[in-house]
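Undergrad: Okay, here's the structure, questions in a sec.
The values are calculated or read from the model by the stated rules, or taken from the named source; none is laboratory data. All values reported here derive from a predicted model rather than from experimental measurement. Counting neighbours? That spans all protein chains shown, and the Cβs are built from the backbone with ideal geometry, glycine included.
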Amino acid sequence: MSGILEGKVAIITGGAGGIGSRIAQAYTETGAKVVIASRNQEKLDAIVEKLQANGAEAMAVATDVTVPEEVDDMVAKTIEAYGSVDILVNNAGGAMFVKPPEKLKPEEWNAAIALNLTSVFLCSQAVGHHMIEAGGGRIVNISSVAGMRLSPSFVHYGAAKAGVINLTKSLAVCWGPHNIHVNCIAPGLTQTEGVAQWLPDRTNEDGSPVARLDYPPETENVAELALFLGSDLCRHISGELIPIRALYELA
């Protein structure tokens with residue numbers, strides 16, 4: 001899929017994390033100019049430095065995607081630097097903590113909904129105005145399998161991610177006439193840097209490789225799907241939810 005995003009401009013939120021940074025790499029390798037956003041400027045700068053070292057056009061914008069003014073500023077800086085926003089990847093989010101529902105404080109619930117759901121709406125709305133005027137665009141929302149099934153250990157996260165799935169479908173209908181495609185990826189457990197630290201070795205005691213189905217997907221698998229959904233290859237696909245899970249989860 002070399003060059004399929006040539007000339008496109010993409011914003012990727014949660015760009016300092018394992019999945020976000022891998023999506024940024026995939027996008028720049030196929031020709032896109034990328035703006036990565038998160039609250040951690042130091043991590044963003046390090047990722048941008050790596051991307052630029054490989055010849056990519058990339059920029060970091062420190063942004064709290066739960067704050068409307070900061071989201072507007074992120075979009076404005078992107079348009080000022082690159083002239084447009086063709087693709088938005090709403091990747092910011094996280095389970096934040098594990099608690100039974102009876103012990104959740106209202107402020108904890110509100111923070112989880114803000115980070116995982118409200119941020120998706122705010123970023124989509126801010127970019128949507130521009131995409132409508134430009135005649136189209138692509139929005140890729142990163143939800144979670146937690147939004148598709150019971151999430152008793154983190155009901156706040158599951159509820160928010162379920163909201164992202166519903167929001168995806170609603171925005172796809174509302175903005176379809178404007179040639180804006182909105183789709184959703186729902187990863188299960190993914191081999192980010194943090195997760196990989198406690199995964200078992202890839203080889204058995206006898207040196208043979210561990211069966212592939214015993215391992216969760218890698219960040220590259222999410223990035224490949226985000227690349228497809230951000231490109232013109234998905235021009236007849238919108239409002240869809242696509243899970244990415246380990247093979248053992250399907251058994």
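Undergrad: For segment 217-246, how many residues meet the condition of being more than 14 Å from residue 5 (Cβ to Cβ), charged (D, E, K, R) and either free of Cβ contacts under 8 Å to residues at least 40 places away in the same chain or assigned to a helix (DSSP H, G or I) (or both)?
TA: The qualifying residues number 2.
Undergrad: Within segment 79-112, can you find the residues that are closer than 21 Å to residue 180 by Cα and assigned to a loop (DSSP other than H, G, I, E, B)?
TA: 83, 84, 85, 86, 91, 92
Undergrad: Still on this structure: Please give the number of the condition residue 200 fails out of (1) of a type outside the set (Gly, Ala, Ser); (2) modelled with pLDDT under 95; (3) in a helix (DSSP H, G or I).
TA: (3)
Undergrad: Right, another one. Mind telling me which of the residues 18, 7 ends up being under 17 Å from residue 219 (Cβ atoms), in contact with an Asp or Glu (Cβ under 9 Å, 6 or more places away or on another chain), surrounded by fewer than 21 Cβ atoms within 10 Å (Cβ to Cβ) and not hydroxyl-bearing (Ser, Thr, Tyr)?
TA: Going through 18, 7 in turn, just one is under 17 Å from residue 219 (Cβ atoms), in contact with an Asp or Glu (Cβ under 9 Å, 6 or more places away or on another chain), surrounded by fewer than 21 Cβ atoms within 10 Å (Cβ to Cβ) and not hydroxyl-bearing (Ser, Thr, Tyr): 18.
Undergrad: Condition first: surrounded by 24 or more Cβ atoms within 10 Å (Cβ to Cβ) and assigned to a loop (DSSP other than H, G, I, E, B). Now tell me which residues in segment 27-43 satisfy that. Walk me through how you get there before you give the answer.
TA: Taking segment 27-43 as the starting set, the residues that turn out to be surrounded by 24 or more Cβ atoms within 10 Å (Cβ to Cβ) are 27, 32, 34-38.
Of everything in segment 27-43, just one residue is surrounded by 24 or more Cβ atoms within 10 Å (Cβ to Cβ) and assigned to a loop (DSSP other than H, G, I, E, B), namely 32.
Undergrad: Does residue 140 satisfy the criteria of being of a type in the set (A, V, I, L, M, F, W, C) and in contact with a Gly (Cβ under 7 Å, 6 or more places away or on another chain)?
TA: Values: of a type in the set (A, V, I, L, M, F, W, C): yes; in contact with a Gly (Cβ under 7 Å, 6 or more places away or on another chain): yes.
Taking the combined requirement at face value, the residue satisfies it.
Undergrad: Moving to a separate point now. Quick check, is residue 120 in contact with a strand residue (DSSP E or B) (Cβ under 9 Å, 6 or more places away or on another chain) and free of Cβ contacts under 8 Å to residues at least 40 places away in the same chain? Spell out the reasoning first.
TA: On the way: in contact with a strand residue (DSSP E or B) (Cβ under 9 Å, 6 or more places away or on another chain): yes; free of Cβ contacts under 8 Å to residues at least 40 places away in the same chain: no.
No, not satisfied.
Undergrad: Further question on the same structure: Can residue 64 be described as assigned to a helix (DSSP H, G or I) and either out of contact with any Phe, Trp or Tyr (no Cβ under 8 Å at 6 or more places or on another chain) or over 15 Å from residue 11 (Cβ atoms) (or both)?
TA: So residue 64 does not fit the description; no.
Undergrad: May I pose another question? Which residues, taken from segment 1-21, are part of a loop (DSSP other than H, G, I, E, B) and closer than 10 Å to residue 89 by Cβ?
TA: Within segment 1-21, 14, 15 qualify.
Undergrad: So, in segment 129-174, how many residues would count as being crowded, with 22+ Cβ neighbours inside 10 Å and assigned to a helix (DSSP H, G or I)?
TA: Residues that pass the stated criteria total 11.
Undergrad: Listed residues 24, 76; which is assigned to a helix (DSSP H, G or I), farther than 28 Å from residue 228 by Cβ and of a type outside the set (S, T, N, Q)?
TA: After ruling out the rest, the residue left standing is 76.
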